[in-house]
Amino acid sequence: MERFSNKVTKILQDGGWSENRVVDTGKFEEALKKEGFQVFPSVINFLKGFGGLRFNDPGAEPPAVSNFHFVAEESAGGQAPYVKKHYSSVLGAELCVVGEAADNYMLLMMDERGRFFAGYEDEFMYLGDSVVEAIEALCDQRELPSVKDYLARTRRV
């Protein structure tokens, strides 16, 4: 079973997360659907554990982000057309916004398979295939692969 690093676990716990956290996702689901997003089971499962939480890492050095949140109802507002046109079309799969990072500059998204992606302006990046991979990637000091590079690599395998 994947586990968060000690550093990331501390960031998450400081933001109110625990391994046993389960919240009602009704308000998140309603807000996302109202904005035109398809809310996948993978998104619901993720938001049960992380929905509504905000995280800060004041010691982060780029490209790690110093803050991120999973307040989906804040992140979704008016984003569906942009996400569909600029990100879902590149990936070839529907995406659902689950949060934001980098002072709300970067959208955090999931697909039906539970993969995580990040986007801002024309940049579209792959974060990981799991919650642990994605959050570790946000907190790590490594460059994130573009979705185009990720797709090229995974289609050859």
Test: residue in segment 64-72 that is over 17 Å from A134 (Cβ atoms), polar (S, T, N, Q) and not in a helix (DSSP H, G or I): no
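Being within 23 Å of E2 (Cβ to Cβ), out of contact with any helix residue (DSSP H, G or I) (no Cβ under 6 Å at 6 or more places or on another chain) and at pLDDT below 90 narrows it down to one of A60, A134, A64, A118, so name that one.
Result: A60 is the single residue among A60, A134, A64, A118 that is within 23 Å of E2 (Cβ to Cβ), out of contact with any helix residue (DSSP H, G or I) (no Cβ under 6 Å at 6 or more places or on another chain) and at pLDDT below 90.
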Residues of segment 25-53 satisfying the condition of being of a type in the set (K, R) and over 19 Å from F68 (Cα atoms): K27, K33, K34
Pair list, Cβ < 8 Å and 6+ apart or interchain, from segment 142-157 residues that are closer than 29 Å to E61 by Cβ to residues that are part of a helix (DSSP H, G or I) and at pLDDT 90 or above: L144/A137; V147/Y87; V147/V90; V147/L91; K148/V90; L151/L91
Subset tally (residues that are under 22 Å from A31 (Cβ atoms), in a loop (DSSP other than H, G, I, E, B) and among the acidic types (D, E)) for segment 94-135: 3
Number of the condition not met by R3 [criteria: (1) under 19 Å from E74 (Cβ atoms); (2) surrounded by fewer than 14 Cβ atoms within 10 Å (Cβ to Cβ); (3) in contact with a helix residue (DSSP H, G or I) (Cβ under 9 Å, 6 or more places away or on another chain)]: (1)
Candidate set from segment 115-157 (those that are over 17 Å from V98 (Cα atoms) and of a type in the set (G, A, S)); member that is surrounded by the most Cβ atoms within 10 Å (Cβ to Cβ): S146
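Rundown of residues vs (1) polar (S, T, N, Q); (2) farther than 27 Å from L151 by Cα, yes/no style:
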| residue | (1), (2) |
| --- | --- |
| S5 | yes, no |
| G36 | no, no |
| V43 | no, no |
| F46 | no, no |
| F55 | no, yes |
| A76 | no, no |
| Q79 | yes, no |
Checking P81 against (1) touching a residue at least 12 places away in the same chain (Cβ under 8 Å); (2) surrounded by 14 or more Cβ atoms within 10 Å (Cβ to Cβ), the condition it does not meet: (2)
Members of segment 10-55 found to be part of a loop (DSSP other than H, G, I, E, B), free of Cβ contacts under 8 Å to residues at least 24 places away in the same chain and small (G, A, S), listed by number: S18
Total residues in segment 52-92, condition closer than 17 Å to G16 by Cβ and of a type in the set (S, T, N, Q): 2
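The values are calculated or read from the model by the stated rules, or taken from the named source; none is laboratory data. Because the structure is a prediction, the values reported are computed rather than measured. Virtual Cβ from ideal backbone geometry, glycine too; neighbours counted across all protein chains shown.
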